[in-house]
Amino acid sequence: MNIKKCIDAINACRFCFMCRHLDPVGNVTFNESDTPRGRALIIDKIRMDRENLNNQDFINTMYKSALSAANRYHCVSHYDEAGLVLAVRKDIVEAGLAPEAVKKLAKELEHVDFKVEGKGSNLYFGEMPELYPDSKLISGGDPGKALEVLGFTNESKNVFEKFKKAVINSKCETLIVAEPSSYDFLKNKFDNIKVIHSSEYLLSAGVNSQTQSKAYYLDSDYLKNYNDNLKAPRELLESAGYKLAMFGTNQEESYSVGEGAVVYDKLYPELAKKLAERVWEQADNPETDLIITASSYTKSILKKYNPAFNVITVEEAVLKAKGN
Amino acid sequence: MPTVQKSYMYEMIRSELAWVVGEEHIQTTDSDKLGHSIDYYWVPELWHDRGEKLTPPDFIVHPATAKEVSEILKIANTHNIPVIPWGGGSGSQGGALPIYGGIMLDMKRMNKVLSIDPVSMTTTVEVGINTQHLEWEIEKAGYSTMHLPASIACATLGGFIAHRGTGVLSTKYGKMEDMIMSLEVVTPTGEIINTLPVPRHASGPDLTQMFLGSEGTLGVVTKATMKIHPIPESRKFHAFLFKTMHDAMVAGSRIMTSRLRPCVIRLYDEPETAKLIKKVLGIDKQGAYLVFGFDGYEKMVDLEMEQACEICKTLEHEDLGTEMGQSWWDNRYKFFYPPYMFHMPQAFGTLDTVATFSNIEKVYWAMKNTIKENFPQATFIGHFSHWYEWGCMLYARFIIDEPPKDPHEAIALYNKIWDMAIRAAIKEGGVINEHHGVGLKLGRIMKDLYGPAYKVLQDIKKVMDPNNIMNPGKMGFQGKGA
Ligand SMILES: Cc1cc2nc3c(=O)[nH]c(=O)nc-3n(C[C@H](O)[C@H](O)[C@H](O)COP(=O)(O)OP(=O)(O)OC[C@H]3O[C@@H](n4cnc5c(N)ncnc54)[C@H](O)[C@@H]3O)c2cc1C
Ligand code: SF4
């Protein structure tokens, strides 16, 4: 079983309460099971007796995790509570026990067709090609990250192979990735192609702007918690003239409404809505505050559940600043 | 307990609860029941570790208002079902365990800061709030609760009220019972009451203090008004190493009895200095480590610090300076994260005891010798955590690296250590305990601790909770099966 490789995290988290305040799902459901401790206890029960893998309640709890990794980031010893959930999801899938909704979603995610168009020496993977004039554009769906976090390892590999083929055929040497989850997935996957986040590219290209707007940057789970707090998005926004204020009451909570789970809203729309409501509650002046996120997923979910959110992506913020 | 899951009676009660809180705020899944069957008490942790069956609650209910709590308690009285308030589950005494099943009243949905009064420097909050969230919100408003326990992120304000909890700055800012102004409580029979709005009065005995420490046995606390404080201009620390714990204790008690006002003092005995201070802070020294801090206006901090250091220098010492004091403050929570904290398969317990300065060392030696003489397999370490004008708290711990494999034997040994160590401490004037509470773990000691006065507590419980629905079997009160 994959979870057996995570014995250190199981043993550490199963009786530990030290990061419970940072579980985004726990903070809206108030359930003990939606915390690293609650999940580790369940996984420990599965470890002790494989029969428990058949328990639908347990399976549901594992898919309910938003995988923000805010807890792991906070943890003094960085125990991999997120890796633990990923491991048990793999076990669930390998045992053929994934819930129907998960299987259906996985099937949809397998249907990808990657296309490369345009001209340039770089390859851009994102939604705002106008910011990357010297780049080709690759599009066609999720490159395999969503399948990976759902526990479908082989299917994820197959999708990635298609993506890889398209990238290699483009003959570009740098791949610029905008969505943080895709960046996290792709960053170490190529031998001879450099993978960078779009904010790193835009920062190095420089932004000339006279903007002096106040904004709140919502940290991305993938850029902060999974990639050791990548500084580029903040530096980019500051260089574009945004005065960044702290969102909410602290810099530890994840407000990215399920970004870590990539397709969270597709499986748990009611919970994604609650996560969005919490962001609204935590904002200083939700009707007027300008919120900037690195993740188009986060933006789309916030907008979906409350169109009154004044939220844009980092790339949109840069475009806006350039326009000023 | 009349409810049998899947029986029609179970469904009846579930429907009644759902009418109060809404279907989505009742949990009965195996996932939720597991999380609510284990708190921070070593015994249920061991029980889980050894694959034994735990006792889950029948329903986990998340109320949103005092009115809903009141309705739930009325349902529980009608059906004579236990109700167990649950905050963060971080209590170490088994206080929140559903030992007879029943309704687990998870309070975390009641998590709003309702108001901040900057004139009186108080805040009124729903007590299901996680205390780290509370502190963040109060800090954003420019103040601090100054309630900074190691479990700040683990627990709710209600849990701290229920256990008379304490934070690291207790020496200056007090324990929960000093921090709370007034409470809103739902009594076991469902009345919603408020205690008097100020904590100093001569209008009879203090009801606020009666509910503080009642561990969910006398009702459910739903709202609290507590003090808040300005963020101090300066907070500084200093550490000393003394040859013996006794010397360090003399220094610490002199600081307190001179009426200087440190915000914190902490003294580690020789074994804990050698083990934990080395492991967590990297300070590898033989002796007893003493650290203290002052906060407030910088000029006053410097003056008080100078005086406290002078006191320490009258004894044989090594001055570790400010850096090794600051390092303790910076890492104060690190002690509680894995792998720094003791963990399974180890057996461990915190023999939290409080006593006057005249008695506290006697208490320490009585417990230490009891463990040494009777349980050679156990190690005893301790530090002195919360200091007052008259005495301090001993945070003693016993650790057994390899307890018996058989869970029954392991628990029997564990209980025996507790029993003998605590009774030895009580004989020397120790009170069990200072901030962890009684719960299930220490209920049996209550009669001995209080003597005839315990009947007063029992009578209060009987009158307030005629059907014994509120957290039965805790604090030494009657269980549900009896
Ligand atoms: C790592 C760690 C470090 C710790 N450090 C400290 C420390 O520094 N200081 C300290 O004081 N404690 C500490 N503790 C112990 C624990 O955090 C406290 O006992 C705390 O008060 C428990 O609060 P909780 O919300 O988790 O309550 P729970 O464990 O859920 O419940 C504790 C008791 O309170 C009752 N209760 C809960 N909410 C209510 C309510 N609203 N109304 C009535 N009764 C209620 C429960 O029924 C139960 O009897 C620590 C624990 C851990 C895990
Ligand atoms: S991630 Fe770290 S802090 Fe969180 S539960 Fe696990 S061990 Fe504890």
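Within segment B:38-50, can you find the residues that are within 11 Å of chain A (Cβ to nearest Cβ) and away from ligand 1 (no atom under 12 Å from the Cβ)? Explain how you work it out, then say what you get.
Start the filter on segment B:38-50 by keeping residues that are within 11 Å of chain A (Cβ to nearest Cβ), which leaves B:38-42, B:44-46, B:48-50.
Residues satisfying the conditions are B:L46, B:H48, B:D49, B:R50.
Among the residues of segment B:105-137, what is the count of those that are of a type in the set (K, R) and either at the interface with another protein chain (Cβ under 9 Å from one of its Cβ atoms) or touching a residue at least 60 places away in the same chain (Cβ under 8 Å) (or both)?
At the first step, the residues of segment B:105-137 found to be of a type in the set (K, R) are B:108-109, B:112.
After this cut, where a residue has to be either at the interface with another protein chain (Cβ under 9 Å from one of its Cβ atoms) or touching a residue at least 60 places away in the same chain (Cβ under 8 Å) (or both) as well, the list is B:108-109.
Here the count works out to 2.
Exactly one of (1) away from ligand 2 (no atom under 11 Å from the Cβ); (2) within 7 Å of another protein chain (Cβ to nearest Cβ) is unmet by A:M18. Its number?
(1)
Is it the case that segment B:125-138 has a residue that's more than 30 Å from B:P338 (Cα to Cα), at pLDDT 95 or above and of a type outside the set (V, I, T)? Reasoning before the result, please.
So in segment B:125-138, the residues more than 30 Å from B:P338 (Cα to Cα) come out as B:125-126.
Checking which are at pLDDT 95 or above leaves us with B:125-126.
From what is left, the residues that are of a type outside the set (V, I, T) are B:126.
Within segment B:125-138 (the criterion being more than 30 Å from B:P338 (Cα to Cα), at pLDDT 95 or above and of a type outside the set (V, I, T)), the answer is yes, since at least one residue qualifies.
I'd like to verify a number: residues in segment B:105-131 that are away from ligand 1 (no atom under 13 Å from the Cβ) and either of a type in the set (S, T, N, Q) or over 26 Å from A:L22 (Cα atoms) (or both), how many?
The initial filter retains those residues of segment B:105-131 that are away from ligand 1 (no atom under 13 Å from the Cβ), namely B:112-124.
Checking the rest, the ones that are also either of a type in the set (S, T, N, Q) or over 26 Å from A:L22 (Cα atoms) (or both) come to B:115, B:117-124.
Going through segment B:105-131 one residue at a time, the tally reaches 9.
Could you look through segment A:72-91, keep only residues that are crowded, with 24+ Cβ neighbours inside 10 Å and more than 10 Å from ligand 2 (Cβ to nearest atom), and pick out the one that is farthest from B:Y333 (Cα to Cα)? Please lay out each step first, then the result.
Narrowing segment A:72-91 to residues crowded, with 24+ Cβ neighbours inside 10 Å: A:79, A:81-82, A:84-85, A:88-89.
Narrowing the set further to residues that are more than 10 Å from ligand 2 (Cβ to nearest atom) leaves A:85, A:88-89.
Working: A:V85: 26, A:V88: 30, A:R89: 32 Å.
Result: A:R89.
Of all residues being more than 8 Å from ligand 1 (Cβ to nearest atom) and in contact with a helix residue (DSSP H, G or I) (Cβ under 7 Å, 6 or more places away or on another chain) in segment B:82-104, which is farthest from the other protein chains (Cβ to nearest Cβ)? Just the residue, please. Please lay out each step first, then the result.
Initial filter on segment B:82-104 (more than 8 Å from ligand 1 (Cβ to nearest atom)): B:82-83, B:94, B:97-104.
Now drop any that are not in contact with a helix residue (DSSP H, G or I) (Cβ under 7 Å, 6 or more places away or on another chain), which leaves B:83, B:94, B:97, B:103.
Details: B:V83: 17, B:G94: 14, B:L97: 13, B:I103: 15 Å.
Across segment B:82-104, the extreme among qualifying residues is B:V83.
For segment B:63-71, indicate whether the set of residues that are surrounded by 24 or more Cβ atoms within 10 Å (Cβ to Cβ) and not assigned by TED's automatic domain parsing to the domain that holds B:T217 is non-empty.
So the first thing to find is which residues in segment B:63-71 are surrounded by 24 or more Cβ atoms within 10 Å (Cβ to Cβ), and the list is B:63, B:69.
Imposing the further condition that a residue be not assigned by TED's automatic domain parsing to the domain that holds B:T217 reduces the set to B:63, B:69.
Yes.
Could you list, in sequence order, all residues of segment A:1-36 that are touching a Gly at 6+ places or on another chain (Cβ under 9 Å), within 13 Å of ligand 1 (Cβ to nearest atom) and among the hydrophobic types (A, V, I, L, M, F, W, C)?
A:F17, A:F30, listed by residue number.
Counting residues that are within 26 Å of B:I103 (Cβ to Cβ) and assigned by TED's automatic domain parsing to the domain that holds B:L114, which strands (runs of 3 or more DSSP E) fully inside segment B:179-257 reach at least 2? Break it down into steps so the answer makes sense when it comes.
Numbers: elements: B:180-186, B:192-194, B:220-227, B:234-242.
So the answer is B:180-186, B:192-194, B:220-227.
May I ask you to say which residue of B:S31, B:S15 is more than 14 Å from every other protein chain (Cβ to nearest Cβ), of a type in the set (S, T, Y) and in a helix (DSSP H, G or I)? Spell out how you get there, then give the answer.
Details: B:S31 fails: more than 14 Å from every other protein chain (Cβ to nearest Cβ).
Selected residue: B:S15, the only one of B:S31, B:S15 that is more than 14 Å from every other protein chain (Cβ to nearest Cβ), of a type in the set (S, T, Y) and in a helix (DSSP H, G or I).
Across segment B:447-478, what is the total count of residues that are surrounded by fewer than 18 Cβ atoms within 10 Å (Cβ to Cβ) and either within 14 Å of chain A (Cβ to nearest Cβ) or more than 16 Å from ligand 1 (Cβ to nearest atom) (or both)?
Residues flagged as surrounded by fewer than 18 Cβ atoms within 10 Å (Cβ to Cβ) and either within 14 Å of chain A (Cβ to nearest Cβ) or more than 16 Å from ligand 1 (Cβ to nearest atom) (or both) within segment B:447-478 amount to 15.
Quick test of your reading of the structure: B:E45 fulfils all but one of (1) farther than 16 Å from A:G38 by Cα; (2) outside any loop (DSSP other than H, G, I, E, B); (3) touching a residue at least 12 places away in the same chain (Cβ under 8 Å). Name the failing condition by number.
For B:E45, the exception is condition (1).
Check B:K140, B:K53 and return the single one that is surrounded by fewer than 24 Cβ atoms within 10 Å (Cβ to Cβ), within 28 Å of A:F247 (Cα to Cα) and either free of Cβ contacts under 8 Å to residues at least 60 places away in the same chain or within 9 Å of chain A (Cβ to nearest Cβ) (or both).
Working: B:K53 fails: within 28 Å of A:F247 (Cα to Cα).
Residue meeting the stated conditions: B:K140.
Looking at segment A:60-73, can you tell me whether even one residue there is within 16 Å of ligand 1 (Cβ to nearest atom), closer than 18 Å to A:I10 by Cβ, within 12 Å of chain B (Cβ to nearest Cβ) and in contact (Cβ under 8 Å) with a residue 12 or more places away in the chain?
Of all residues in segment A:60-73, those within 16 Å of ligand 1 (Cβ to nearest atom) come to A:71.
Applying the additional criterion that residues be closer than 18 Å to A:I10 by Cβ yields A:71.
Still in the list and also within 12 Å of chain B (Cβ to nearest Cβ): A:71.
If we keep only those that are in contact (Cβ under 8 Å) with a residue 12 or more places away in the chain as well, we get A:71.
Within segment A:60-73 (the criterion being within 16 Å of ligand 1 (Cβ to nearest atom), closer than 18 Å to A:I10 by Cβ, within 12 Å of chain B (Cβ to nearest Cβ) and in contact (Cβ under 8 Å) with a residue 12 or more places away in the chain), the answer is yes, since at least one residue qualifies.
Listed here are the residues, each with its yes/no results for (1) more than 14 Å from the chain's Cα centre (by Cα); (2) farther than 18 Å from B:F477 by Cβ; (3) among the polar types (S, T, N, Q); (4) within 16 Å of ligand 2 (Cβ to nearest atom).
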{"position": "B:L157", "(1), (2), (3), (4)": "no, yes, no, no"}
{"position": "B:F160", "(1), (2), (3), (4)": "no, yes, no, no"}
{"position": "B:R164", "(1), (2), (3), (4)": "no, no, no, no"}
{"position": "B:T171", "(1), (2), (3), (4)": "yes, yes, yes, no"}
{"position": "B:L183", "(1), (2), (3), (4)": "yes, yes, no, no"}
{"position": "B:E191", "(1), (2), (3), (4)": "yes, yes, no, no"}
{"position": "B:L207", "(1), (2), (3), (4)": "yes, yes, no, no"}
{"position": "B:G219", "(1), (2), (3), (4)": "yes, no, no, no"}
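Any chance you could count how many residues in segment A:39-71 are within 22 Å of the chain's Cα centre (by Cα) and either within 16 Å of ligand 2 (Cβ to nearest atom) or not assigned by TED's automatic domain parsing to the domain that holds A:V88 (or both)?
Restricting attention to segment A:39-71, the residues satisfying the condition of being within 22 Å of the chain's Cα centre (by Cα) are A:39-40, A:59-71.
Now drop any that are not either within 16 Å of ligand 2 (Cβ to nearest atom) or not assigned by TED's automatic domain parsing to the domain that holds A:V88 (or both), which leaves A:39-40, A:61-62, A:65-71.
The number of residues fulfilling the criteria is 11.
Of all residues in segment A:3-20, which are more than 16 Å from B:W42 (Cα to Cα) and touching a residue at least 60 places away in the same chain (Cβ under 8 Å)?
A:I3, A:K5, A:C6, A:D8, A:A9, A:I10, A:C19
Output the helices (runs of 4 or more DSSP H) that fall wholly within segment A:258-312 and possess 2 or more residues being touching an Asp or Glu at 6+ places or on another chain (Cβ under 6 Å) and closer than 17 Å to A:D219 by Cα, or say none. Give the steps one after another, and end with the answer.
On the way: elements: A:264-267, A:269-282, A:296-305.
Here the list reads A:296-305.
With (1) closer than 26 Å to B:A378 by Cβ; (2) assigned by TED's automatic domain parsing to the domain that holds B:M245 as the list, and B:F342 as the residue in question, which single condition is left unmet?
(2) is the only condition that B:F342 fails.
Which condition number in (1) surrounded by 16 or more Cβ atoms within 10 Å (Cβ to Cβ); (2) within 19 Å of the chain's Cα centre (by Cα) is the one that B:R444 fails?
(1)
Return the total of residues in segment B:154-202 being more than 9 Å from ligand 1 (Cβ to nearest atom) and within 14 Å of chain A (Cβ to nearest Cβ).
Adding up the residues that qualify gives 0.
Listed here are the residues, each with its yes/no results for (1) buried (at least 17 other Cβ atoms within 10 Å of the Cβ); (2) free of Cβ contacts under 8 Å to residues at least 12 places away in the same chain.
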residue: A:T211; (1), (2): yes, no
residue: A:D221; (1), (2): yes, no
residue: A:A240; (1), (2): yes, no
residue: A:N250; (1), (2): yes, yes
residue: A:S254; (1), (2): yes, no
residue: A:D265; (1), (2): yes, no
residue: A:L271; (1), (2): yes, no
residue: A:A294; (1), (2): yes, no
residue: A:K304; (1), (2): no, no
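Which one is nearest to ligand 2 (Cβ to nearest atom), of the residues in segment B:99-155 that are of a type in the set (G, A, S) and not in a loop (DSSP other than H, G, I, E, B)?
So in segment B:99-155, the residues of a type in the set (G, A, S) come out as B:101-102, B:115, B:120, B:128, B:141-142, B:144, B:150-151, B:153, B:155.
Applying the additional criterion that residues be not in a loop (DSSP other than H, G, I, E, B) yields B:101, B:115, B:144.
Working: B:G101: 27, B:S115: 32, B:S144: 23 Å.
Checked segment B:99-155; the qualifying residue nearest to ligand 2 (Cβ to nearest atom) is B:S144.
The values are calculated or read from the model by the stated rules, or taken from the named source; none is laboratory data. From a predicted model like this one, the values you see are computed outputs, not experimental measurements. Positions of Cβ are generated from backbone atoms using ideal geometry, with glycine treated the same way; all protein chains shown enter the neighbour counts.
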